[in-house]
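See structure below.
The values are calculated or read from the model by the stated rules, or taken from the named source; none is laboratory data. Keep in mind the model is a prediction, meaning the values are calculated, not measured. For neighbour counting, all protein chains shown are included, and Cβ atoms are generated from backbone atoms with ideal geometry for every residue, glycine included.
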Amino acid sequence: MSVIVLIPLAAVLVNATSQGLGGFWSSVTGGVALTALAVTLGASLVVAAIGAMMGTLVAWVLVRDSFPGRRLVNALIDLPFALPTIVAGLTLIALYGPRSPVGVHLVYTRAAVLVALMFVTLPFVVRSVQPVLIELDREVEEAAASLGASNATTFRRVVLPALRPAILSGAALAFARSVGEFGSLVLLAGKVQIASIVIYADIESDATQSAASLSVVLLAVSLIVLFLLRRWGASGAR
Amino acid sequence: MRIEVRGISKRFGDFTALDDVTLEVGEGSLTALLGPSGSGKSTLLRIVAGLESPDAGAVLIDGADVTAARPQERGIGFVFQHYAAFTHMSVRENVAFGLRIRKYSRAEVRARVHELLSLVGLTTWAQQLPAQLSGGQRQRMALARALAVEPRVLLLDEPFGALDANVRAELRRWLRRLHDEQGVTTVLVTHDQEEAMEVADSIAVMNAGRIEQVGSPREVYDSPATDFVMGFLGPVSRIAGRLVRPHDVSVSLISSDGAIEAMVTRVVHLGFEVRIELELGSGEPARAQLTRSQTEQLELARGDIVYVRPPQASLEPAASAPLTA
Amino acid sequence: MRVSRRAELSLRAVALLYLAVLLLLPLGVVFARTFEHGFGTAWGWITTPAAISAFWLTVTIAAIAVPLNTIFGIGCALVLVRGKGRGRRLLDTLIDLPFVVSPVIVGLALVLVYGETGWFGNWFLRHGIRIIYAPTGMVLATLFVSLPFVVREVAPVLMEVGDEQEQAAATLGASAWQTFWRVTLPAIRWGVAYGVVLTTARALGEIGAVAVVSSNVAGSTLTLPLLVYQRDSQIGPQAITSAYAAGTELAVMSLIVLLAMTVLAPKGAKTR
């Protein structure tokens with residue numbers, strides 16, 4: 001296991017600092033690197049936030065509502081898991097690119113990046129929240145209603161707190177995934193600077209040390225998210 | 001097949017489960033390890049089985065030291081409280097499991113499984129999955145499975161604990177009959193003193209990791225070695241500094257030497273007998289058990305003042321008792 | 001909560017509309033575009049020599065990576081759930097790494113270690129083993145990124161099943177291997193199946209790490225996802241259509257996998 005996981009990652013760290021800490025710092029703050037980091041992190045946060053909201057809504061509808069075709073829709077949620085990311089990017093180009101059938105031209109803009117990331121991260125929050133929603137004790141909500149609470153209040157004070165760990169962990173996963181996403185973005189990012197694409201470009205042009213440095217920053221972000229996830233996972237309902 | 005444990009101690013972190021326990025189980029006997037939760041009885045059983053290893057001490061089966069041996073090598077049969085059925089195998093395959101492991105021929109497996117299924121009354125259920133069986137049936141299957149490989153020793157860990165009261169009672173009697181027929185040395189763990197008394201030849205009463213007394217059901221009930229044993233085997237009240245069984249309490253309307261004043265707080269008619277709940281002068285509760293005619297004679301009602309006395313014959317707990325079954 | 005009919009319907013509408021626009025619409029357009037010039041043209045695009053070898057390379061890599069990760073995954077799950085010892089928490093964290101590390105970083109890491117100038121690269125090259133810019137490296141990359149799925153699906157099942165059945169098997173005389181084969185494995189088989197499906201989906205679709213490690217040479221190191229990328233990057237009106245065709249091929253493959261996922265998914269799907 002170390003052969004495949006640890007040693008290679010260690011090599012990245014070593015290479016990043018192969019020109020000393022100064023070299024590391026300048027690689028990370030120079031040129032497009034900083035912009036790419038800012039854009040990537042920003043987009044990921046937005047996607048995580050929107051995903052948390054919409055994901056919870058979708059999970060709610062899937063669990064509490066019933067309509068013909070619900071099972072099909074439920075299955076569809078896993079589509080972004082099953083579909084190769086490059087194909088996801090391709091489909092978004094088809095829809096929002098120059099030859100868009102609905103006349104929407106988002107490609108090569110930040111909006112396109114957001115849409116791609118939302119596609120890719122859809123299942124995380126939904127699948128995280130669903131089991132918790134299913135297990136939720138309806139009697140607690142009924143008790144709140146019998147005590148006079150409106151639906152909004154019940155949702156805010158009874159349901160949401162119970163769902164919070166699941167929503168957070170789903171959103172954190174969505175964030176982590178977005179930060180590193182490559183396949184769906186590489187075709188439609190255009191001028192928008194994405195960290196993973198910058199790393200790729202650096203590798204292809206043999207600027208290994210810059211690639212490694214930026215990678216280390218991304219890795220650090222990922223590890224922080226990983227630790228946060230474990231802490232929330234431990235304290236939340238499991 | 002004799003079982004001997006010598007000086008067994010076991011700790012889980014800070015908790016001492018067993019403290020220098022020594023016990024002998026005679027060949028062919030049905031011994032109950034009786035005690036409350038946390039007394040160490042399950043741990044002791046699992047150590048005999050080899051599912052746990054002791055921190056100190058030895059386990060001997062038929063004189064041979066098996067302390068270091070794995071469960072597979074000890075020739076034991078084990079029945080779990082929650083059946084531990086192989087959920088993906090049919091009843092027949094469950095029972096056949098041990099035989100298949102030992103590479104019995106197909107014909108032998110078939111014959112033996114049939115024999116056992118008849119023994120436990122599950123022949124018509126042979127093809128079913130455990131999930132389709134009731135709890136009692138699952139436990140009978142588990143027993144058949146354990147007996148299939150002709151173990152030297154049969155170990156049962158609260159086998160009826162997960163079952164309904166009436167199923168429990170029925171299986172209890174059935175187990176006793178099975179033992180009388182098969183004669184395998186059996187050790188049964190239970191917290192139910194009624195079960196132990198009804199089923200076992202010999203009872204080892206355990207508390208907080210130690211054995212308090214070993215004896216026949218009559219011995220431990222009539223001559224308890226310690227206060228704990230007395231209190232665990234049946235209800236007791238403390239009257240005039242002694243522990244007394246409700247059916248040994250003398251209730252009278254007239255005071256006498258050595259009698260304590262008490263007030264009747266409740267008269268409960270339990271069909272054939274009557275339970276009198278009392279409050280002693282000191283404020284402590286006590287209980288007496290009388291027949292219906294006795295109660296009628298005394299015309300007992302709530303609020304009456306009576307005088308209670310332990311029986312003349314002393315029921316003092318003995319200072320020490322032997323620890324062999 | 002008793003939600004009012006109106007609220008229920010509006011929630012439902014919002015959710016379904018969101019899903020339709022986000023998921024279905026793009027896919028629909030790709031399918032439409034693929035067959036715009038007729039089924040024959042589309043078929044032609046996916047039966048070029050490059051496309052056919054790309055298909056087989058993708059399938060082959062998956063065929064190697066999935067069984068390896070399955071065995072590894074079951075073993076890991078056993079260690080995590082039934083094992084004792086300190087290293088388990090570390091193992092648990094390590095297993096989640098592929099979920100959060102960007103695939104291009106994975107590719108970079110592999111190049112730095114197994115590439116020509118990498119830590120071990122020289123040793124391998126001297127023994128005639130080419131890892132980077134060769135299928136072997138692509139297998140390694142795919143192994144990394146699809147590592148966690150089997151473990152993460154099997155571990156909860158193992159935990160839920162509990163080890164009493166295994167204890168019972170021991171008392172009945174079964175050796176460790178017999179217990180695993182006859183008792184443990186059947187008990188976890190649905191978790192394994194679902195994990196395998198997830199692993200397969202990931203392996204088929206991998207592009208980030210593989211793009212770095214591959215030399216993009218059709219016939220030897222060009223997988224189907226890479227082919228899509230390559231075609232889309234080309235200039236010319238045919239480029240995008242040929243890309244769509246290959247993309248549709250991949251989409252169909254993944255829809256089959258999606259079907260398997262749906263059939264095997266545990267209630268409520270605790271997937272990541």
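Quick rundown of the values:
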{"quantity": "Failed item, numbered, when residue C:2 is tested on (1) over 21 Å from residue C:223 (Cα atoms); (2) crowded, with 16+ Cβ neighbours inside 10 Å", "calculated": "(2)"}
{"quantity": "Answer from A:213, A:178, A:184, A:196 - the residue that is touching a residue at least 40 places away in the same chain (Cβ under 8 Å) and at the interface with chain C (Cβ under 7 Å from one of its Cβ atoms)", "calculated": "A:196"}
{"quantity": "Residue in region C:187-203 that is free of Cβ contacts under 8 Å to residues at least 60 places away in the same chain and away from chain A (no Cβ under 14 Å) present", "calculated": "yes"}
{"quantity": "Residue selected from region B:152-184 under the condition without any contact (Cβ under 8 Å) to a residue 12 or more places away in the chain and under 26 Å from residue B:40 (Cα atoms), by the criterion surrounded by the fewest Cβ atoms within 10 Å (Cβ to Cβ)", "calculated": "B:165"}
{"quantity": "Qualifying residue in region A:46-56 (condition: at the interface with chain C (Cβ under 7 Å from one of its Cβ atoms), crowded, with 18+ Cβ neighbours inside 10 Å, within 22 Å of residue C:12 (Cβ to Cβ) and modelled with pLDDT of 90 or more)", "calculated": "yes"}
{"quantity": "Selection count where residues are closer than 13 Å to residue C:150 by Cα and either facing chain A (nearest Cβ under 8 Å) or under 21 Å from the mean Cα position of the chain (by Cα) (or both), scope region C:71-91", "calculated": "7"}
{"quantity": "Selected residue (only one of A:210, A:184, A:205 is at pLDDT 85 or above and surrounded by 24 or more Cβ atoms within 10 Å (Cβ to Cβ))", "calculated": "A:184"}
{"quantity": "Odd one out for residue A:167, checked against (1) within 9 Å of another protein chain (Cβ to nearest Cβ); (2) β-branched (Val, Ile, Thr); (3) within 13 Å of the chain's Cα centre (by Cα)", "calculated": "(1)"}
{"quantity": "Boolean, residue B:86 is within 30 Å of residue B:6 (Cβ to Cβ), in contact (Cβ under 8 Å) with a residue 24 or more places away in the chain and among the aromatic types (Phe, Trp, Tyr)", "calculated": "no"}
{"quantity": "Close pairs (6 angstrom Cβ cut-off, 6 or more residues apart or separate chains): part of a strand (DSSP E or B) in region B:243-258, among the hydrophobic types (A, V, I, L, M, F, W, C) anywhere", "calculated": "B:243/B:230; B:243/B:236; B:251/B:288; B:251/B:306; B:251/B:308"}
{"quantity": "Odd one out for residue C:78 among (1) surrounded by fewer than 17 Cβ atoms within 10 Å (Cβ to Cβ); (2) more than 30 Å from residue A:214 (Cα to Cα)", "calculated": "(1)"}
{"quantity": "Members of region B:126-149 found to be among the polar types (S, T, N, Q) and crowded, with 19+ Cβ neighbours inside 10 Å, listed by number", "calculated": "B:137, B:139"}
{"quantity": "Output for region A:98-112, where each listed residue is surrounded by 14 or more Cβ atoms within 10 Å (Cβ to Cβ), within 12 Å of another protein chain (Cβ to nearest Cβ) and either farther than 15 Å from residue C:21 by Cα or modelled with pLDDT of 80 or more (or both)", "calculated": "A:107, A:112"}
{"quantity": "Entirely in region A:156-238, the helices (runs of 4 or more DSSP H) that have 2 or more residues that are more than 25 Å from residue A:85 (Cα to Cα) and of a type outside the set (Lys, Arg)", "calculated": "A:160-180, A:208-235"}
{"quantity": "Criterion: among the aliphatic types (A, V, I, L, M), surrounded by fewer than 21 Cβ atoms within 10 Å (Cβ to Cβ) and away from chain C (no Cβ under 12 Å) - qualifying residue of B:69, B:64", "calculated": "B:64"}
{"quantity": "Members of region C:173-231 that are in a loop (DSSP other than H, G, I, E, B), among the hydroxyl-bearing types (Ser, Thr, Tyr) and surrounded by 16 or more Cβ atoms within 10 Å (Cβ to Cβ)", "calculated": "C:214, C:221, C:223"}
{"quantity": "Any hit, region C:261-272, residues being among the β-branched types (Val, Ile, Thr), within 30 Å of residue A:70 (Cβ to Cβ) and not in a helix (DSSP H, G or I)", "calculated": "yes"}
{"quantity": "Residue satisfying all of: in region A:135-164; crowded, with 17+ Cβ neighbours inside 10 Å and small (Gly, Ala, Ser); farthest from the other protein chains (Cβ to nearest Cβ) among these", "calculated": "A:162"}
{"quantity": "Pick from region B:79-125, criterion under 19 Å from residue B:137 (Cβ atoms) and among the acidic types (Asp, Glu), ranking: surrounded by the fewest Cβ atoms within 10 Å (Cβ to Cβ)", "calculated": "B:115"}
{"quantity": "Selection status of residue A:122, within 9 Å of chain C (Cβ to nearest Cβ), surrounded by 24 or more Cβ atoms within 10 Å (Cβ to Cβ) and among the aliphatic types (A, V, I, L, M)", "calculated": "yes"}
{"quantity": "Residue match in region C:32-55 (condition: under 26 Å from residue C:149 (Cα atoms), modelled with pLDDT of 85 or more and of a type outside the set (Val, Ile, Thr))", "calculated": "yes"}
{"quantity": "Some residue of region C:162-169 being among the aliphatic types (A, V, I, L, M) and more than 10 Å from every other protein chain (Cβ to nearest Cβ)", "calculated": "no"}
{"quantity": "Residue in region C:114-123 that is surrounded by 24 or more Cβ atoms within 10 Å (Cβ to Cβ) and touching a residue at least 40 places away in the same chain (Cβ under 8 Å) present", "calculated": "no"}
{"quantity": "Residue in region C:18-36 that is surrounded by fewer than 13 Cβ atoms within 10 Å (Cβ to Cβ) and within 17 Å of residue A:58 (Cβ to Cβ) present", "calculated": "no"}
{"quantity": "Restricting region C:120-141 to residues that are within 27 Å of residue C:99 (Cα to Cα) and assigned to a helix (DSSP H, G or I), the residue that is nearest to the other protein chains (Cβ to nearest Cβ)", "calculated": "C:140"}
{"quantity": "Pick from region B:12-60, criterion charged (D, E, K, R) and farther than 28 Å from residue B:177 by Cα, ranking: farthest from the other protein chains (Cβ to nearest Cβ)", "calculated": "B:20"}
{"quantity": "Region B:97-109: number of residues that are more than 29 Å from the chain's Cα centre (by Cα) and closer than 26 Å to residue C:166 by Cβ", "calculated": "9"}
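Yes/no matrix, rows are residues, columns are (1) modelled with pLDDT under 85; (2) in contact with a helix residue (DSSP H, G or I) (Cβ under 9 Å, 6 or more places away or on another chain); (3) surrounded by 12 or more Cβ atoms within 10 Å (Cβ to Cβ):
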residue	(1), (2), (3)
B:232	no, yes, yes
B:236	no, yes, yes
B:241	yes, no, no
B:253	no, yes, yes
B:257	yes, no, no
B:264	no, no, yes
B:281	yes, no, no
